[in-house]
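Down below is the structure, laid out as structure tokens.
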Amino acid sequence: MSERQKRPPTKLVPVPSVNKIPERDINKAPILECQHLGIDFGGLTAVNDFNMAIGRTEIAGLIGPNGAGKTTVFNLLTKVYQPTRGTILLDGVDTHNMTTAQVNKAGIARTFQNIRLFNNLSVEDNVKVGLHNQVKYGMFQGVLRLPGYWKEEKRAHESAMELLRIFDMEDLASHQAGSLPYGAQRRLEIVRALATNPSLLLLDEPAAGMNPSETADLMDNIVKIRDTFHIAVLLIEHDMSLVMGICEGICVLNFGEIIAKGTPDEIKNDPQVIEAYLGKKREV
Amino acid sequence: MVIFLTRLINGISLGSVYAIIALGYTMVYGIAKMLNFAHGDVIMVGAYVCFFAISTYHLNPVVGVLLAMVVCTLLGMVIERLAYKPLRQAPSLAVLITAIGVSYFLQNGAQLLWGSNNKMFPAFLKGDALQLMDGQLRVSVTTVVNVVVCVVVMLALTWFTGQTKMGKAMRACSEDKGAAQLMGINVDTTISMTFAIGSALAAVAGVLYMSSYPILVPTTGSMPGIKAFTAAVFGGIGSIPGALLGGLLLGVIEIFAGGYISTQLQNAIVFAVLIVVLLVRPTGLLGKQIREKV
Amino acid sequence: MNKLKRLSPATRSNYLTYLGVILAFAILQPMAAGGKLSPTLQGQLVPICAYVVMTLSLNLTVGVLGELSLGHAGFMSVGAFSGAVAASALQYSIPNGGLRLAVAMVIGAVFAGIVGVLISVPVLRLNGDYLAIVTLAFGQIIKSIVENLYVGVDGKGMLHASFLKPLTSLGEGGRMIVNGPMGIPNIAEISSFIAGFILILITLAVIFNLVNSRAGRAIMAIRDNRIAAESVGLNITKYKMMAFVTSAALAGAAGTLFALGQPAIVASKFDFNTSILILVYVVLGGQGKMWGSIIAATFLTVLPETPAMRGLADYRMLVYAVVLIVVMLVTNSPAIQSFFSRFQKEAERENGKGGEQA
């Protein structure tokens, strides 16, 4: 552990976000560190030699053309797929052999590209499922309605409503999640992820299908999440105004490999990134 | 050795019949994504039709079989049109219950029409058994017919799904109905056709099954139906070679289990093997492994 | 009444379900005691209770957990035989019929629960139709095993069991209890309508309290979206197993209740058709709707015995099949669904609340 702390943290972008990092974080190891991460599907290499580190309260972006392997990286981080190669260190702990649920308990929460809510449950219950591992009582206490049940359920209700209040959703608490409008569903997915008390939040295309004003709200919300919960956020997004607007560090993926890492300004001017998005300039 | 070979041959003979029934399940599942529980009862109807044709009207057995095929084909298409087609968008459980309803309907209808007493199916496959190994090993005509029919059906279906226009339409529908429709394939006709073929095969299988187990009652179809369904899952539901493999293996296992272990536990052993296979290969022996997209 | 209105729709529906069961009992019990029920209905009271509990327990698997089970009668069988053996063996140690029934039901539930644990290990690794076919296979295996089971007590009250071979050495004062394919030929009928009523209430309490707890939310979350449930840290296997085993144990208790209300039982009674019958009740009553299960199970158990259906004599089962198909076609027809959903939306607007669960 001490060995790791001495090593200079390979932060994605150390400089521009320094003033936003709380004092206690500056010399600490990054919350997430991927080393030579890779996965093959059959003969196809979907992600290869993926190296990245994220600071403890950093907002980082993962961009790239369609099919570059961005969601696959999320699936590797959350162990939906087990990596073929490489290691993932979460707060210095190797997540090798962990399941998706264990990774979540260790501190990674995520949202999904195509919204995955518990559609038949109420908004409040969706958040309470997120709180599952913070609420402590067993099946028998629940079935027999012992005092522990009432105490913990009250606590769960209060926490859930508190979280919903932060995102202006408390009025929707008793609505069925599946019947919410699209924007609210996206927000609820974030609330549910936050309810699991993560130290790193992964957002998969959070602005997909949103209009510019909704996107602006979302940007405010993401910054608010970082500032309120003091956690790191890694997001996949195609909306460049969002990515360039709030991300302190950006990582560009193409054909499963990282082609550039840096601050928004560096990325904007990187010739390889421009080529990946716009194609090669033809010599005239 | 002779006992072993005899049992193996009996197993293959029974397995061939299972394979033909399993084809009906597998094709319907592949294209309509439903478990057609009434399939076993179509077998029973086919057997009754053939029985009356042969023993009451004294028709030629071949004519009897053809008649049974025609009746079952029509029956399969009518069932699909009336009971399953309106439920194409419904949850799979609703379709399953409807199929169970159809199964009850056919069983009870048969009981009303033809009574619940046993009928002895006439042995129409006459002829001397093949003598092998100096007459120690006898292969009955029934066995030969079962295997030959099974092989012919299998080859014909492979050719049909691979080479003909309708067969290709079927494969397209089983991959993606919406896309198939956009390419100008008539999905309704294709599904109807699948039921027609599956039911015609059920009629053939019914007659073959009767030549090995000649007691005919309205519930005759349910046990071979469940077994053949198991065979289809065993081989990987949706796969035509899988149905053949699953059917043959199931038949052989059943006969071996009955012969070497215990006849009372015959069925239990067959199902236990199925469970073990599904644990090792969760989509059956030749089924496609599907990775859920996240 | 105002207080009732303030409750969430789910809680209100739960209370109304309890109330309905209690009312039905309050009406039927005096009639049964006074001999005012027809002999057929009188004889059906205990089986109805058993089928109601079976349907409720299967609804936990199908409606709440969202997995199709085609072998639920297997658990009923385990409960029926283990409970009946226990009741027979305890005949002299516990002379009180009610107490013996309670002990037997607990034993039936425990045995069915144990079998449920054993089965759930392989079953819950699979998904969808493959899971369904494995439950079907287990149902068949249980039936085959029970059909070849021989159990007896010797003169000292010790239990003896053998598999495939009839018992020969029970000695002086010994007697057979389970006799292979012949089942249990002579059962002391100690089940009563009151016991059935209490079992229904217990089952409802277990299911409702489970559903409205931390574990129940986890189970329903897994049903709605397995991948999302995993991503928020739920142990999928644990909660699937919890639902599956609870369902099996309740079915076991129902099996004991059923068996001890019959003069004799055989293993072939609890076959694939019985599993399907219960599944039909669940689907017709509505997946996840417990009050629907109670009504469907009661109505459809009584229906074939009503005078109107008896008049149809031979056509009875045919009509039953047609009713089943027509109900499925009608309830799933898009036109009729949109008609009903309009009503539901209006009701929701009045309450200002979401749809109901459980």
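Does C:Thr11 count as more than 20 Å from C:Ser247 (Cα to Cα), among the hydroxyl-bearing types (Ser, Thr, Tyr) and touching a residue at least 24 places away in the same chain (Cβ under 8 Å)? Yes, satisfied. Checked against the criterion of being on the phi > 0 side of the Ramachandran plot and of a type in the set (S, T, N, Q), segment A:50-63 contains not a single residue that satisfies it. When segment A:154-168 is filtered for residues that are in contact with a Lys or Arg (Cβ under 8 Å, 6 or more places away or on another chain) and within 13 Å of chain C (Cβ to nearest Cβ), the ones remaining, listed by number, are A:Ala156, A:His157, A:Ala160.
For segment C:296-313, the count of residues that are at pLDDT below 90, assigned to a loop (DSSP other than H, G, I, E, B), closer than 30 Å to B:Lys227 by Cβ and within 14 Å of chain B (Cβ to nearest Cβ) is zero. From the list A:Ala184, A:Ala156, A:Ala193, the one residue that fits, being surrounded by fewer than 21 Cβ atoms within 10 Å (Cβ to Cβ) and part of a helix (DSSP H, G or I), is A:Ala184.
Read through the list (1) more than 24 Å from A:Lys261 (Cα to Cα); (2) surrounded by 24 or more Cβ atoms within 10 Å (Cβ to Cβ), then give the number of the only condition that A:Leu76 fails. Failed condition: (1). Of all the residues in segment A:122-151, those that are closer than 22 Å to A:Gln102 by Cα and over 26 Å from the mean Cα position of the chain (by Cα) number 3. Taken together, C:Ala228, C:Ala221 contain a single residue that is under 21 Å from A:Phe140 (Cα atoms), touching a helix residue (DSSP H, G or I) at 6+ places or on another chain (Cβ under 8 Å), at pLDDT 95 or above and at the interface with chain A (Cβ under 10 Å from one of its Cβ atoms), which is C:Ala221. Candidates in segment B:90-105 are the residues that are within 21 Å of C:Ser338 (Cβ to Cβ) and of a type in the set (Val, Ile, Thr); of these, the one that is farthest from the other protein chains (Cβ to nearest Cβ) is B:Val95.
For every residue, the table says whether it meets (1) more than 18 Å from A:Gly249 (Cβ to Cβ); (2) of a type outside the set (Gly, Ala, Ser); (3) modelled with pLDDT under 90.
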{"position": "A:Asn19", "(1), (2), (3)": "no, yes, yes"}
{"position": "A:Arg24", "(1), (2), (3)": "yes, yes, yes"}
{"position": "A:Leu32", "(1), (2), (3)": "no, yes, no"}
{"position": "A:Gly43", "(1), (2), (3)": "yes, no, yes"}
{"position": "A:Ala46", "(1), (2), (3)": "yes, no, no"}
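Evaluating A:Ile259 against the criteria (1) in contact with a helix residue (DSSP H, G or I) (Cβ under 6 Å, 6 or more places away or on another chain); (2) crowded, with 19+ Cβ neighbours inside 10 Å leaves one unmet condition, (2). Only one of the numbered conditions (1) of a type in the set (Lys, Arg); (2) under 25 Å from A:Arg226 (Cα atoms); (3) more than 7 Å from every other protein chain (Cβ to nearest Cβ) is not met by A:Lys128, and that is (3). Reported count of residues in segment C:259-285, each being assigned to a loop (DSSP other than H, G, I, E, B) and among the aliphatic types (A, V, I, L, M), is 3. A:Leu203: in a strand (DSSP E or B) and closer than 25 Å to A:Ala60 by Cβ, yes or no? Considered against the rule, which asks whether it is in a strand (DSSP E or B) and closer than 25 Å to A:Ala60 by Cβ, A:Leu203 comes out as yes.
Quick one: is C:Val64 crowded, with 16+ Cβ neighbours inside 10 Å, touching a Leu at 6+ places or on another chain (Cβ under 7 Å) and of a type outside the set (D, E, K, R)? Against the criterion (crowded, with 16+ Cβ neighbours inside 10 Å, touching a Leu at 6+ places or on another chain (Cβ under 7 Å) and of a type outside the set (D, E, K, R)), C:Val64 does not qualify.
The helices (runs of 4 or more DSSP H) found wholly in segment A:230-284 and carrying at least 2 residues that are of a type in the set (A, V, I, L, M, F, W, C) and within 29 Å of A:Thr45 (Cβ to Cβ) occupy A:240-246, A:271-278.
For first residues located in segment A:198-217 and without any contact (Cβ under 8 Å) to a residue 24 or more places away in the chain, partners that are surrounded by fewer than 18 Cβ atoms within 10 Å (Cβ to Cβ) and not charged (D, E, K, R) and lie 6+ apart or on another chain with Cβ distances below 7 Å do not occur. Go through the residues of segment B:70-89 one by one and say whether even a single one is of a type in the set (Ser, Thr, Tyr) and within 17 Å of C:Ile325 (Cα to Cα). Yes, the conditions are met somewhere in segment B:70-89. Given the criterion buried (at least 18 other Cβ atoms within 10 Å of the Cβ) and in a loop (DSSP other than H, G, I, E, B), identify the matching residue among A:Ala29, A:Ala53, A:Ala101. Among A:Ala29, A:Ala53, A:Ala101, only A:Ala29 is buried (at least 18 other Cβ atoms within 10 Å of the Cβ) and in a loop (DSSP other than H, G, I, E, B).
Among the residues of segment C:316-333, those that are at the interface with chain B (Cβ under 7 Å from one of its Cβ atoms) and either within 20 Å of B:Arg81 (Cα to Cα) or free of Cβ contacts under 8 Å to residues at least 12 places away in the same chain (or both) comprise C:Leu318, C:Ala321, C:Val322, C:Leu324, C:Ile325, C:Met328, C:Leu329, C:Asn332, C:Ser333.
Which number in (1) in a helix (DSSP H, G or I); (2) free of Cβ contacts under 8 Å to residues at least 24 places away in the same chain marks the one condition that C:Val52 misses? Tallying (1) in a helix (DSSP H, G or I); (2) free of Cβ contacts under 8 Å to residues at least 24 places away in the same chain, C:Val52 fails exactly one: (2).
Residues checked against (1) facing chain C (nearest Cβ under 8 Å); (2) acidic (Asp, Glu); (3) in contact (Cβ under 8 Å) with a residue 40 or more places away in the chain; (4) over 23 Å from C:Ser213 (Cβ atoms):
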| position | (1), (2), (3), (4) |
| --- | --- |
| A:Val80 | yes, no, no, yes |
| A:Asn97 | no, no, no, yes |
| A:Leu146 | no, no, no, no |
| A:Lys151 | no, no, no, no |
| A:Glu170 | no, yes, no, no |
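Any chance you could count how many residues in segment A:131-144 are of a type outside the set (Phe, Trp, Tyr) and at the interface with chain C (Cβ under 7 Å from one of its Cβ atoms)? Adding up the residues that qualify gives 6.
For segment A:104-125, enumerate the residues that are over 18 Å from A:Pro181 (Cβ atoms), more than 8 Å from chain C (Cβ to nearest Cβ) and surrounded by fewer than 23 Cβ atoms within 10 Å (Cβ to Cβ). Within segment A:104-125, A:Ala106, A:Gly107, A:Gln113 meet the criteria. Among the strands (runs of 3 or more DSSP E) confined to segment C:123-208, the ones with at least 2 residues that are within 14 Å of chain B (Cβ to nearest Cβ) and surrounded by fewer than 17 Cβ atoms within 10 Å (Cβ to Cβ) are located at C:159-163. Of the residues making up segment C:93-107, none is within 24 Å of C:Ala296 (Cβ to Cβ), within 14 Å of chain B (Cβ to nearest Cβ) and either surrounded by fewer than 23 Cβ atoms within 10 Å (Cβ to Cβ) or of a type outside the set (Lys, Arg) (or both).
The values are calculated or read from the model by the stated rules, or taken from the named source; none is laboratory data. It should be emphasised that the depicted structure is a prediction, and the values quoted were computed from it without experimental measurement. Glycine gets a Cβ as well: all are built from the backbone with ideal geometry, and neighbour counts include every protein chain shown.
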